[in-house]
Amino acid sequence: MTFVQALLIGLLGYCSAKWAIPLWGDMGGWWTCGRPLVAGMLIGIILGNVSQGIILGCAVNALYLGSITVGGVAANDINFAAYIGIPLAMVSGATVEEALTLAALLGALGVFMWNFVKIINVYWIRVMEKQIAADNLDNAARVPLYGNIFLFICRFFPIFLACLLGPEIMQGVMNAIPPQLSAIIGIFGGMLPLIGFAIILKTCVKQYYELLYFVFGFILFTSFQVSIIAIFVVALVFACIDFKYGSVGGAE
């Protein structure tokens, strides 16, 4: 990976982080470019392999499909998982399952960095309060920029250095893994997306019989090779019938 490629990925990682002040705002940053699917496409463009970037982005996105941020508390940092895990997996030739394992580890590591930034930036809240109390409103308005400088340091440089220096280390690690261990990582890595789907199902499913819809769709896709679009249409029909005659519609 070249210096410019690592630089661009690092900048995208910062601009897509929570609380950053990018040009496209929080909606275009954290909630769009910060998602692994979109991040994978952008990383693929930078590294010259868009299809592989999207494939890895989809896989990582499935892992964190049900991940939400409640009250500023994150269980996983999907920004770190995407902007470090996806490029390292691409340049090292890792499989999707190995990329998922790496993303899961990076997501947990990113939470530490997330909380570290919050703890340190509490100091700037006190500074802003003092400036407001002293009626220095111009100085108070500049205080969030100071906090973002620290966020930039803790977000850009780890991503940049990992992308610049990590590929060789990552390649060496991949080559050193025994085939038996690699097979085990592949099995567990393939199971990781189930976590994201399980969280979504727990939220969506109100009655146990509704799980039959998901089983039916899974069988259509795996056994009968039905396209996703066709399965979506069938699911839409079932949803309309359930709403009209099921517990939701019947209650009305």
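Data table
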read-out: All lysines inside 30 Å of K206 as judged from Cα atoms, apart from same-chain residues fewer than 8 positions distant; value: K244
read-out: Folded to 0 to 90 degrees: helix 228-245 orientation relative to the chain principal axis, Cα; value: 80
read-out: Relative packing of 203-211, 230-238, 26-34, which averages over residues the other C-beta atoms within 10 Å, highest first; value: 26-34, 230-238, 203-211
read-out: Answer label, with Rg/Rh (Cα atoms, Kirkwood Rh) calculated from the coordinates and candidates (i) 1.06; (ii) 0.97; (iii) 0.93; value: (i)
read-out: Farthest positive-ward along the chain dipole, Cα basis, beta-carbon charges - from Y213, G13, I46; value: G13
read-out: Fluctuation leader among M128, M90, M113 - the chain, Gaussian network, Cα springs under 10 angstrom; value: M128
read-out: Extended-chain gain in nm, criterion 0.36 nm per residue less alpha-carbon gap, L211 and Y245; value: 10.5 nm
read-out: Burial ranking of peptide ranges 4-13, 146-155 (average Cβ count within 10 Å, highest at the top); value: 4-13, 146-155
read-out: Proximal lysines to K130, defined as alpha-carbon separation beneath 25 angstrom and excluding residues fewer than eight positions away on the same chain; value: K118
read-out: Formal net charge of residues neighbouring W114 (Cβ-Cβ distance under 13 Å; K, R +1; D, E -1); value: +2
read-out: Extension gain from W24 to T2, taking 0.36 nm per residue of separation minus the Cα-Cα distance; value: 5.3 nm
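Computed from the coordinates by the stated procedures, all read-outs in this text should not be read as laboratory data. Because the structure is predicted, anything quoted here is derived from the model rather than measured. Counting neighbours? That spans all protein chains shown, and the Cβs are built from the backbone with ideal geometry, glycine included.
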